[in-house]
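Structure record follows, encoded as structure tokens.
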Amino acid sequence: MSNKIIYHHLHAEYGHDVLRSWQAEGNISKNQLVYPLFIAETPTAKEEITAMPNQFRWGVDRLEEALVPLVKKGLRSVLLFGVPTGKKDSQASFADAPDTPVIKGLQVLRKRFPDLLLITDICLCAYTNHGHCALLHENGLINNKASIQRLADIATAYAQAGAHVVAPSDMMDSRVGAIKMALLKHDLERTAIMSYSAKFASSFYGPFREAAQSAPSFGDRKAYQLPPSARKLALTAVDRDISEGANFVMVKPAGPYMDIIRDVKNRIHVPLACYQVSGEYAMLHHAARAGAIDLKTAVIECIIGLRRAGADIFITYYTPELLDWLKKYTE
Ligand code: PB1
């Protein structure tokens with residue numbers, strides 16, 4: 001053993017919980033949590049989502065029941081997904097119909113929870129009869145031009161119904177610019193855009209597709225969601241969306257893409273969201289059920305990791321639990 005004195009004793013730097021909080025890469029507050037919420041077409045519905053235990057599709061008449069306990073615990077933001085039952089066609093017509101679940105939900109939530117930030121997912125997949133996130137040409141290929149016009153119409157309708165933020169998750173080229181122009185045309189410049197910019201063709205969306213009944217009826221989404229191997233392409237997509245007017249950008253999924261989160265964070269000057277998707281949610285849930293992990297410590301560790309990677313906003317189905325757990329997350 002050399003007689004050299006070790007001057008830097010790391011244990012001294014994190015032996016107390018306050019010291020550990022000093023070491024934390026940024027704090028995590030309840031304001032940074034966004035809870036994805038499924039709105040069913042039947043007003044009185046409360047439908048269990050088999051693939052996502054403890055998650056439900058809620059009818060607009062039961063949104064108060066769903067959200068009062070969470071708002072009391074400090075929930076500040078929800079991300080709304082409509083789940084239409086039968087009304088699907090080639091133009092995604094029901095997406096912005098006056099009685100579509102998201103518009104009805106926005107009207108209820110704006111009145112009942114005036115302080116809640118309302119974000120709406122903007123996509124076509126739940127409303128098209130083929131389940132793709134785009135309108136298609138006769139030959140089945142993506143009709144990008146028609147798709148972004150349709151997405152802009154839907155975003156405008158949701159903004160007019162009370163959405164504070166519209167979040168295009170479709171991955172069509174130039175949809176952010178199209179939505180931005182439409183919002184400005186309708187004097188909706190106060191509506192923010194959160195773009196799902198770096199969204200990958202992931203295997204972790206399965207439970208969501210059951211929840212939202214939005215799986216593609218043929219093929220897959222590799223033609224418009226980023227390849228999991230694409231690191232540079234993610235940055236190009238983020239640059240493009242910010243240049244077209246995105247106020248916030250997102251990396252999705254979250255856990256398997258923490259390098260992308262860090263790459264993007266180092267590059268941009270707008271808040272960065274990450275989406276801990278349905279497959280990540282289910283994986284943690286079932287691992288805990290199997291006794292492989294402790295759910296609370298594992299979920300908190302994942303969120304701390306996403307914060308360390310650079311995320312500022314956490315879209316997670318574990319929001320209800322984290323509203324309780326966040327008190328002492330740096331232990
Ligand atoms: O939790 C999740 O899995 C989110 C799925 C996500 C919702 N924006 C999309 C992924 C997909 O099904 O391809 C839906 C696409 N608009």
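Data table
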{"item": "Cleavage-rule hits, chymotrypsin sites (Phe, Trp or Tyr not before Pro), the range 13-105, DSSP coil, Cβ neighbours within 10 Å at most 16", "result": "14"}
{"item": "Percent of Cα-Cα distances greater than 18 Å, calculated over the range 144-213", "result": "42 percent"}
{"item": "Residue-normalised accessible area of the chain, expressed per residue, 1.4 Å probe, Å²", "result": "46 Å²"}
{"item": "C-alpha center-to-center spacing [the range 17-35, the range 199-236] in angstrom", "result": "30 Å"}
{"item": "Calculated P(r) tail over 36 Å for the chain, as whole % of Cα pairs", "result": "18 percent"}
{"item": "Sparse-neighbourhood loop sites, trypsin sites (Lys or Arg not before Pro) in the range 207-270 - DSSP loop, at most 11 other Cβ within 10 angstrom", "result": "222"}
{"item": "Chymotrypsin sites (Phe, Trp or Tyr not before Pro) within the range 132-235: DSSP coil, no more than 16 neighbouring Cβ in 10 Å", "result": "218"}
{"item": "Calculated [θ] (222 nm, deg cm²/dmol) that DSSP helices of n ≥ 4 give over the chain, each run adding -39,500 (n - 2.57)", "result": "-10500 deg cm²/dmol"}
{"item": "Equivalent ellipsoid semi-axes - Cα gyration tensor, the range 1-127, angstrom", "result": "46, 17, 13"}
{"item": "Per-residue ³J(HN,Hα) for the range 93-101, Karplus 6.51 cos²θ - 1.76 cosθ + 1.60, θ = phi - 60°, Hz, x for Gly and Pro", "result": "4, 6, 4, 10, 5, x, 9, 6, x"}
{"item": "Convex hull per residue volume in Å³, alpha carbons only, for the range 24-93", "result": "146 Å³"}
{"item": "Within the chain: Cβ-based charge dipole about Cα centre, in debye rounded to nearest 20 (Lys, Arg +1; Asp, Glu -1)", "result": "420 debye"}
{"item": "All Cα pairs of the range 180-331, percent lying beyond 27 Å", "result": "29 percent"}
{"item": "Accessible carbon and sulfur surface of the chain relative to its total accessible area, %, 1.4 Å", "result": "55 percent"}
{"item": "Most to least accessible of 233, 188, 116 (protein chains only, probe 1.4 Å)", "result": "233, 188, 116"}
{"item": "Accessible surface of residue 181 - all protein chains present, 1.4 Å probe, nearest 10 Å²", "result": "130 Å²"}
{"item": "In Å², nearest 10: area of residue 130 left accessible to a 1.4 Å probe", "result": "20 Å²"}
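The values are calculated or read from the model by the stated rules, or taken from the named source; none is laboratory data. Predicted model only: the values in this text are computed from it and were never measured. All Cβ positions, even for glycine, are placed from backbone atoms using ideal geometry, and neighbour counts span all protein chains on display. The protein model used for the area step is the full one, side chains on, heavy atoms only, and it has no ligands, DNA or RNA in it. Shrake-Rupley method; radii C 1.70, N 1.55, O 1.52, S 1.80 Å.
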